[in-house]
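Below is a structure I'd like to ask you about.
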Amino acid sequence: MKRKPKSLIKKFVLRLFAALFCIIAVVFLVFGIKGYSMYRDAVTACPIPQMVSSIQSRENFVEYEELPTIYIDAVISVEDKRFESHCGVDFIAIGRAVWNDIKAMSFVEGGSTITQQIAKNQYYTQEKKLERKFAEIFTAIELEKYCSKQEIFELYVNTIYFGDGYYGIYDAAKGYFGKQPSELSDYEAIMLAGLPNAPSAYSPSTNPELAYSRMKIVLSKMVECNAITQEEAEVILTDGK
């Protein structure tokens, strides 16, 4: 008889988890269907090949081979460390983001990959809605089917906002440092890699201290991803001062 309360509690907890799972499943199904509809409407209005071609034909489009290797490594390390291996969606990052959002009871983390960011910026608004997130995911998966990883990276760096009115790596390199992207120093390249996270806040021209702090975060991510060593990171910081 003494075990009965524990048994009842266990059953209650199991039923509670089952109910929560069902609710979450229904929510994801409903918003997933809405998101798929948004995705189909978006890529019907502007097919992915058309979107890609319009970006690649822009003046001052910078190709992958023209980008400093350290800039590529910096962007991947800080924005999407599993970029080379995922299908356009990083389910590990999404799982972490969902958990953090649930804990905060708000949209505090997105978990978007580089591919998803392209999808969002080219097709959808910045509204934090669940159906838009699903639409972004569907679009990212299709984009990965159409483009190589290098092409996707090109699309990202040629369209992302760097602050001070600079869209794309060419304008950012010219505007902030008066250089072609291929001429950037390691310090400059890594600083630019950190700006898109919050371009207005991290602008080197208006907030140099914040830009420097952000750059140190990028360097730490690069060390974590084994893109550079700690010693190399320290040299880059020293050389840039």
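Restricting to the stretch 170-184, what's the tally of residues that are part of a helix (DSSP H, G or I) and either farther than 15 Å from Val75 by Cβ or of a type in the set (Ser, Thr, Tyr) (or both)?
Adding up the residues that qualify gives 8.
In addition: Just one of Ser57, Ser53, Ser77, Ser37 is within 30 Å of Glu232 (Cα to Cα), modelled with pLDDT of 70 or more and small (Gly, Ala, Ser); which is it?
Step by step, each of Ser57, Ser53, Ser77, Ser37 is checked, and only Ser77 is within 30 Å of Glu232 (Cα to Cα), modelled with pLDDT of 70 or more and small (Gly, Ala, Ser).
Identify, please: which residue in the stretch 56-100 is of a type in the set (Gly, Ala, Ser) and more than 16 Å from Lys133 (Cα to Cα) and is, among those, surrounded by the most Cβ atoms within 10 Å (Cβ to Cβ)?
Top of the filtered list is Ala74.
Looking at (1) over 22 Å from Ala45 (Cα atoms); (2) modelled with pLDDT under 95; (3) not hydrophobic (A, V, I, L, M, F, W, C), which is the one condition that is false for Lys129?
(1)
Quick one: how many residues across the stretch 49-83 are assigned to a helix (DSSP H, G or I) and closer than 20 Å to Asp186 by Cα?
14
Find the residue count for the stretch 26-48, including only residues that are part of a helix (DSSP H, G or I) and surrounded by fewer than 17 Cβ atoms within 10 Å (Cβ to Cβ).
So the answer is 13.
Moving to a separate point now. Only one of Ser112, Ser106 is assigned by TED's automatic domain parsing to the domain that holds Phe138, hydroxyl-bearing (Ser, Thr, Tyr), exposed (fewer than 11 other Cβ atoms within 10 Å of the Cβ) and at pLDDT below 95. Can you tell me which?
Only one candidate qualifies: Ser106.
I'd like the full set of residues that are aromatic (Phe, Trp, Tyr), surrounded by 21 or more Cβ atoms within 10 Å (Cβ to Cβ) and part of a helix (DSSP H, G or I), limited to the stretch 135-169.
Hits for the stretch 135-169 are Phe138, Phe153, Tyr156.
Okay, moving on. Filter the stretch 170-183 down to residues that are free of Cβ contacts under 8 Å to residues at least 40 places away in the same chain and among the small types (Gly, Ala, Ser) and give me whichever is surrounded by the fewest Cβ atoms within 10 Å (Cβ to Cβ).
Per the stated criteria, the residue is Gly178.
Among the residues of the stretch 197-232, how many are in a helix (DSSP H, G or I), of a type outside the set (D, E, K, R) and surrounded by fewer than 20 Cβ atoms within 10 Å (Cβ to Cβ)?
Qualifying residue count for the region: 12.
The values are calculated or read from the model by the stated rules, or taken from the named source; none is laboratory data. Quantities reported herein were computed from a predicted structural model and do not represent experimental measurements. Reconstructed Cβ throughout: ideal geometry from the backbone, glycine too, with neighbour counts over all protein chains shown.
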